[in-house]
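The values are calculated or read from the model by the stated rules, or taken from the named source; none is laboratory data. Just so it is clear, the structure is predicted and the values come from calculations on it, not from any experiment. Cβ placement follows ideal geometry from the backbone for every residue including glycine, while neighbour counts extend to all protein chains displayed. Note: areas computed on protein heavy atoms with side chains; ligands, DNA, RNA excluded. Shrake-Rupley method; radii C 1.70, N 1.55, O 1.52, S 1.80 Å.
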Amino acid sequence: MLDQLRHACWFLHGSFSGIALPYARYSERQYATWLMRIFDQHDRFDIALHMQAHPTVKQQELVEPEQFKFKDDGVFPNSDLPLLLYRQAFSTEAEDGASVIEQSFAENNWTNSWRNGVYPFRHYHSTTHEVLGVYSGSATLHLGGENGKNVEVRAGDVIVIPAGVAHQNIGARDDFGVVGAYPDGREWDLLRGLPSERPEADQRIAALPIPDNDPIYGAEGPLRQIWKAARGR
């Protein structure tokens, strides 16, 4: 990258009179910073520079999520908020897809992340909502408890699971992997639908705020609009 910047610097030295300065007077970092400022002023270079600096940036347009709602079944509280499934929200061509997804979540303040799979038993969280970004393989998840729904997920998909919604992995390829994260880096608990968990779990779920950011698209993403509408706000 620095070699490319050097060549560009010498080209620009002859192209933008009064702007370019001899390379010898600048360290590589200073010169790269100076060059980026010039590129910011000249639109024809912006896209090329961005793609060099971020070769794994996803190219997809905004993906409208599928919505699934699960009512309290007496065992699992589920939620008045719909579970959101973004199909192919991330490119599967990146060499390190897990890092790309993890970075996107972190940029939108969904942190405290981990990489693994999904538990093979029904469970839910009462202290936080959860996002799962599939970076490899595929799996069938059963959502919503006994009377819920089976949903197939594949690399590139993202699932936002509201607090209270039961979920489990009922079958996956050996290479199935997800990045998990939580709004504001909240700590998660692990509840399995035992009678002793309620009503305290219900109270914790009801007290949770709607996150400030969609985990993929930020403050202007679909999540806040959909979840606010679900709560009549």
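Among residues of the stretch 177-205 that are in contact (Cβ under 8 Å) with a residue 24 or more places away in the chain and open to solvent by 70 Å² or more (accessible area, probe 1.4 Å), those with a Cβ under 9 angstrom from a residue that is outside any strand (DSSP E or B) and acidic (Asp, Glu), sequence gap 6+ or separate chain, pair up as ASP184/ASP212; ARG204/ASP189.
Being of a type in the set (Phe, Trp, Tyr) and either closer than 24 Å to ALA201 by Cβ or more than 13 Å from the chain's Cα centre (by Cα) (or both), is that true of even one residue in the stretch 128-149? No, the stretch 128-149 contains no residue that is of a type in the set (Phe, Trp, Tyr) and either closer than 24 Å to ALA201 by Cβ or more than 13 Å from the chain's Cα centre (by Cα) (or both). If you go through the stretch 134-153 and keep only what is assigned to a strand (DSSP E or B) and free of Cβ contacts under 8 Å to residues at least 60 places away in the same chain, you end up with VAL134, TYR135, SER136, SER138, ALA139, THR140, LEU141, HIS142, ASN150, GLU152. Figure legend. Inter-residue proximity from the stretch 91-112: first residues under 21 Å from ASP175 (Cβ atoms) and of a type outside the set (A, V, I, L, M, F, W, C), second residues at pLDDT 95 or above and open to solvent by 50 Å² or more (accessible area, probe 1.4 Å), beta-carbon distance below 7 Å, spacing 6+ or different chains. Indicated pairs: GLY97/TYR135; GLU102/SER113.
The rows are residues; the columns are (1) open to solvent by less than 50 Å² (accessible area, probe 1.4 Å); (2) in contact with a Leu (Cβ under 7 Å, 6 or more places away or on another chain); (3) under 24 Å from TRP227 (Cβ atoms).
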site	(1), (2), (3)
PHE70	yes, yes, yes
GLY97	yes, no, no
SER104	yes, no, yes
ASN112	no, no, yes
VAL134	yes, no, yes
GLY137	yes, no, no
VAL151	yes, yes, yes
ILE159	yes, yes, yes
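The residue that is farthest from GLU66 (Cα to Cα), counting only those in the stretch 194-233 that are part of a loop (DSSP other than H, G, I, E, B) and of a type in the set (D, E, K, R), is ARG198.
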